[in-house]
2 protein chains.
Amino acid sequence: MKNVLIIGCGLLGSSLVRRISKKKLAKKIFIYEKSKSNISKIKKFKLPGTIVKSLKECTGDLDLIIFCTPMSEYKSLILKINNFVTYKTLITDIGSSKIESSKIIKKFLKKGIHWIRSHPIAGSEVSGPEHGKDNLFEDKWCVLIKEKKTNLKHLKFLNTFWRKVGSKIVIMNSEKHDKIFSITSHLPHLIAYNLVKSAQDFEKILKFNLIKYSAGGLRDFSRIAASNEIMWRDIFFDNKINITKAIDLFIKNLKSFKKDINKKNNDSIIKKLIQTKKVRTKIIKLKQDIDKPDFGRN
Amino acid sequence: MKNVLIIGCGLLGSSLVRRISKKKLAKKIFIYEKSKSNISKIKKFKLPGTIVKSLKECTGDLDLIIFCTPMSEYKSLILKINNFVTYKTLITDIGSSKIESSKIIKKFLKKGIHWIRSHPIAGSEVSGPEHGKDNLFEDKWCVLIKEKKTNLKHLKFLNTFWRKVGSKIVIMNSEKHDKIFSITSHLPHLIAYNLVKSAQDFEKILKFNLIKYSAGGLRDFSRIAASNEIMWRDIFFDNKINITKAIDLFIKNLKSFKKDINKKNNDSIIKKLIQTKKVRTKIIKLKQDIDKPDFGRN
């Protein structure tokens, strides 16, 4: 393709810039970034793209626009690009939940413009263009959202694009996507935040320095609970119906564990602990995690 | 010291054997292990200790006995060693919780024998002597339990021993210990088990393959949820009062998050998400985790 525009150049946006440039996937890469701190980092690290101060500077002749901002910024950005974008341009994004934000897109995007949603399962607890890398998407899943009205030609184009970025593609609709990721990603993040919050509360109640002894388990959760707060607020709000269901089942199961513990119900608890163990083996077989004890940390 | 007896030669026991031998901390290391599979691994890896088939073979002249078995095995082992152990021998253990198991020790151990409890904060999701390593305890905390009646000479001996093993020592009573670790270790493990259990339940309800997409968060929890089920059942039962309090606060906080999400209460959720983030920085400063994004996995 000729021109691509990356809107939002943080961890994921900057990784796309690096990859697109390295693999020569576009003749020109435009970057739109509103954070002054990110702009100076982009310059410092000499990212291979042209920074535009206004979206007007590039939207005339674009093949692809990729939204890499938190989802709460979509609306105001859509209102800006509506003035310039033409039907020749395909739009996509990297948002981690789809149902609510799709309603925003449908409501505000100029009619006739195609936006097919993407979700690359890649990221980290750190943010900002200094942490991006060209192989961030390598061998990672990228979900493409196909609804009844999705244009198949555009979907094929996007499929090819993400494959060149290094991803493995899976296609599903928004509803299925949001259900799956409410369990495998959104609930785990919420639980990690909640566990760290609870530890902080206990530290105040007990007046002990707890964090000092976090190597026994808490430290793992603290990594996830260090993730970007704006991005995660947007995901929690966007996928609230599925996340609420997930919270309810989680609390129901936790109460069952509590009962087992209080009644010292050996058979019931052992059955649960043995069953959960199997998932780790499955995850490693599916190459979704590193095959080393303790993530190979020590 | 002259002789040491390691009872239970899994991950921690075998790491102690390796370290004691490497640093020449004892003239002779006896190993008592009831699992045939572990015994053949000990032979295969040529661990530097003498395997005894019966505790009678070595208990006469021991300086130190270290219990490295799950806590549910203490009672039957105590009844065996009572026949041979003398007041010259100090006993310790590596159990992760202390209050309930201390009652067992007090009730069944022959009067006049000293047992000072230890808890090295080291371990992994894998079990067995094949995973042990001589530096497992290096720069890790080891909690020593000091109660009113603790013999200070023995405590000093144990302190020196664990320092030679590589640990940093902290001394506290059982009550404080069990409160701290109910938050930093026991609750995180229970939550990880519960999250994986909930994901498995959802997989059945939705009839989707969820685990395939676990790289977005779930995989981290699956590591902890792969920990040894006997060891963790024992800890949950042993420290049930503190763990129950921890579960209750956790559920209260989770319901508050749920309310924020459902009401889209921006200020409240952002405040929580920013606050929890600080713990990660603290943990890394305290050298309780690796200072690399994503545990340096990719």
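Helix-only mean residue ellipticity at 222 nm, chain B, DSSP H runs n ≥ 4 weighted -39,500 (n - 2.57), per residue, nearest 500. What is it?
Per the formula, -15000 deg cm²/dmol.
Non-local amide H neighbours of B:LYS168 (under 5 Å, H modeled in plane, Pro and chain starts lacking H): which ones?
B:ASP139, B:LYS140, B:TRP141, B:CYS142
Distances from B:LYS259 to the same residue in each other copy, label points 7 Å out along Cα→Cβ, in nm, shortest first?
Those label-point separations list as 2.6 nm.
Just to check I understand the Karplus step: with θ = phi - 60° and J = 6.51 cos²θ - 1.76 cosθ + 1.60, what whole-Hz values come out for the range B:216-223, glycine and proline as x?
Coupling constants for the range B:216-223: x, x, 4, 4, 4, 5, 5, 5 Hz.
Order of A:TYR87, B:TYR193 from fewest to most other C-beta atoms within 10 Å?
Values: A:TYR87 10, B:TYR193 28.
Fewest-to-most Cβ neighbours within 10 Å comes out as A:TYR87, B:TYR193.
Just to check, using Stokes-Einstein with a Kirkwood Rh over alpha carbon pairs, what's the diffusion coefficient of the range B:176-264 at 20 °C and 1.002 mPa s in µm²/s?
Working: Rh = 14.6 Å.
Calculated translational D: 147 µm²/s.
Taking Rh as the Kirkwood radius, which is the inverse of the mean 1/r over Cα pairs, what is the Rg/Rh value for the range A:71-217?
On the way: Rg = 19.4 Å, Rh = 17.9 Å.
In the range A:71-217, Rg relative to Rh is 1.08.
Counting Lys and Arg as +1 and Asp and Glu as -1, what is the net charge of the other residues whose Cβ lies under 11 Å from the Cβ of A:ARG19? Display every interim value, and only then the final one.
Values: positive: A:ARG18, A:LYS22, A:LYS23, A:LYS24, A:LYS133, A:LYS164; negative: A:ASP134, A:GLU138.
Combined, the nearby Lys, Arg, Asp and Glu give +4.
Taking Cα centroids, how far is the range A:117-170 from the range B:76-133 in Å?
53 Å
Please list, ordered by chain and number, the residues whose modelled amide H lies under 5 Å from the amide H of B:ILE51; skip anything fewer than 5 residues away on the same chain.
Sorted by chain and number, the residues that satisfy this are B:ILE31.
Go through the range B:1-109 and name the GluC sites (Glu not before Pro) that are in a DSSP coil and have 11 or fewer other Cβ atoms within 10 Å of their Cβ. Could you put the intermediate results ahead of the total?
Working: sites: B:GLU33, B:GLU57, B:GLU73, B:GLU100; in loops: B:GLU33.
Of the GluC sites (Glu not before Pro), not one in the loops of the range B:1-109 has a Cβ with at most 11 other Cβ atoms within 10 Å.
Can you grab the distance from the C-alpha centre of the range A:1-28 to the C-alpha centre of the range A:206-274, Å, no decimals?
37 Å
To make sure I understand, if each residue's beta carbon is the centre and we count other beta carbons within 10 Å, what order do A:SER14, B:SER198 fall in, fewest to most? List each step's numbers first, then the result.
Working: A:SER14 29, B:SER198 26.
So the residues, fewest neighbours to most, are B:SER198, A:SER14.
Students often get this wrong, so check it: of B:LYS75/B:LYS176; A:LYS240/B:LYS292; B:LYS103/B:LYS287; B:LYS2/B:LYS36; A:LYS204/B:LYS148; A:LYS255/B:LYS106, which have C-alpha atoms separated by over 29 Å? Provide the component values of the computation, followed by the final result.
Working: B:LYS75/B:LYS176 24 Å; A:LYS240/B:LYS292 31 Å; B:LYS103/B:LYS287 34 Å; B:LYS2/B:LYS36 27 Å; A:LYS204/B:LYS148 27 Å; A:LYS255/B:LYS106 32 Å.
Checking Cα-Cα distances, A:LYS240/B:LYS292; B:LYS103/B:LYS287; A:LYS255/B:LYS106 exceed 29 Å.
What is the P(r) of the range A:72-140, as percent of Cα-Cα pairs per 5 Å bin from 0?
The percentages, shortest bin first, are 3, 13, 23, 21, 15, 15, 10, 1.
Beyond 29 Å, how much of the Cα-Cα pair distribution for chain A remains, as a whole percent?
Working: 18248 of 44253 pairs.
Considering chain A, 41 percent of its Cα-Cα pairs are separated by more than 29 Å.
Sum up the charges of everything whose Cβ sits under 14 Å from the Cβ of A:THR244, counting Lys and Arg as +1 and Asp and Glu as -1, but leave A:THR244 out.
So the surrounding residues net to +4.
Go through the range B:240-254 residue by residue and turn each phi into a ³J(HN,Hα) via Karplus (6.51, -1.76, 1.60, θ = phi - 60°); whole Hz please, and just put x for glycine and proline.
With coefficients 6.51, -1.76 and 1.60, one gets 5, 5, 5, 5, 4, 4, 5, 4, 4, 5, 4, 5, 4, 5, 5 Hz.
In a solvent-free Debye calculation with one equal scatterer on each Cα, what is log10 I(q)/I(0) for the range B:143-194 at q = 0.28, 0.31 Å⁻¹, listed in the order of the q values?
Summing over Cα pairs of the range B:143-194 leads to -1.01, -1.09.
What is the set of long-range amide H partners of A:ASP93 at a cut-off below 5 Å, with H atoms built 1.01 Å from backbone N?
Close amide H contacts, sequence-distant or interchain: A:PHE67, A:SER118.
Which chain B residue puts its Cβ closest to the axis that rotates B onto A, and at what distance in whole Å?
B:PHE295, 2
Could you list the residues of the range B:116-159 with an amide nitrogen less than 15 Å from a label point located 7 Å from the Cα of A:LYS212 in the Cα-to-C-beta direction?
Correct set: B:121, B:140-146.
With a Förster radius of 30 Å, plug the Cβ-Cβ distance of A:LYS107 and A:ILE171 into 1/(1 + (r/R0)^6) and report the FRET value to the nearest 0.05.
Numbers: r = 24 Å, r/R0 = 0.81.
The formula returns an efficiency of 0.80 here.
Please report Rg (one decimal) and Dmax (integer) in Å for the Cα set of the range B:1-140.
Taking only Cα atoms of the range B:1-140, I get Rg and Dmax of 14.1, 39 Å.
Could you list B:ASP63, B:ASP178 in order of exposure, starting from the residue whose Cβ has the fewest other Cβ atoms within 10 Å?
Values: B:ASP63 17, B:ASP178 26.
In increasing order of surrounding Cβ atoms, one gets B:ASP63, B:ASP178.
Computed over the Cα atoms of the protein assembly as shown, what is the convex hull's projected area averaged over all directions, in nm²?
Values: hull surface 110.2 nm².
It is 27.6 nm².
Using only Cα atoms, tell me the angle between helix A:229-238 and the longest principal axis of chain A; keep it within 0 to 90° and round to the nearest 10.
Long axis of A:229-238 versus the principal axis of chain A: about 90 degrees.
So how compact is the range B:231-298: Cα radius of gyration and Dmax in angstrom?
16.5, 41
Can you compute 3J(HN,Hα) from phi for each residue in the range A:80-90, using the Karplus curve 6.51 cos²θ - 1.76 cosθ + 1.60 with θ = phi - 60°, rounded to whole Hz and x for Gly and Pro?
Taking θ as phi minus 60°, the curve returns 6, 6, 3, 6, 10, 6, 10, 5, 6, 8, 9 Hz for the range A:80-90.
Here, each number is a calculation from the coordinates, and none is a lab measurement. Keep in mind that this is a model prediction, so the values were computed, not measured. Because the Cβ atoms are built from the backbone with ideal geometry, glycine has one as well, and the counts that use them run over all protein chains shown.
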